[in-house]
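Please treat every number below as a calculation from the coordinates, not as lab data. A quick note: this is a predicted structure, and the numbers were derived from the prediction, not measured. Note that each Cβ is placed from the backbone with ideal geometry, even for glycine, and that neighbours are counted across all protein chains shown.
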């Protein structure tokens with residue numbers, strides 16, 4: 001997934017994930033179990049999960065977006081992520097936050113998602 005940067009300060013627009021945390025891959029797999037109801041690809045590979053931040057106490061913060069602000073499941077999808085990742089063994093708490101900045105774009109999809117959707 002590409003990391004957009006703020007052209008003024010050069011800072012990442014998307015906060016980094018805790019990729020070195022032992023729970024990270026398990027949270028990613030849980031996110032991959034959630035699908036956008038209108039697109040036959042999981043939301044992780046669509047690039048809708050911007051950040052998975054896990055602290056030392058195993059509290060998980062997921063920052064995500066949607067393909068469009070008018071998405072009919074905008075109110076539901078964060079709960080789907082919490083329901084999928086919350087039960088992962090070792091997770092203490094989970095907080096899923098929705099953001100529109102930066103806006104989602106097709107360039108955020110994984111190669112697997114592009115292939116599945118016929119863009120490669």
Here the percent of antiparallel bridges among DSSP beta bridges lying wholly in the chain, to the nearest 5, is 55 percent
Debye calc, one equal point scatterer per Cα of the range 59-117, no solvent, log10 I(q)/I(0) at q = 0.12, 0.22, 0.29 1/Å comes to -0.36, -0.97, -1.12
Mean Cβ-within-10 Å packing, highest first, puts peptides 59-67, 25-33, 88-96 in the order 59-67, 25-33, 88-96
With only helices counted (DSSP H, runs n ≥ 4, each -39500 (n - 2.57)), the per-residue ellipticity at 222 nm for the chain, to the nearest 500, works out to -5000 deg cm²/dmol
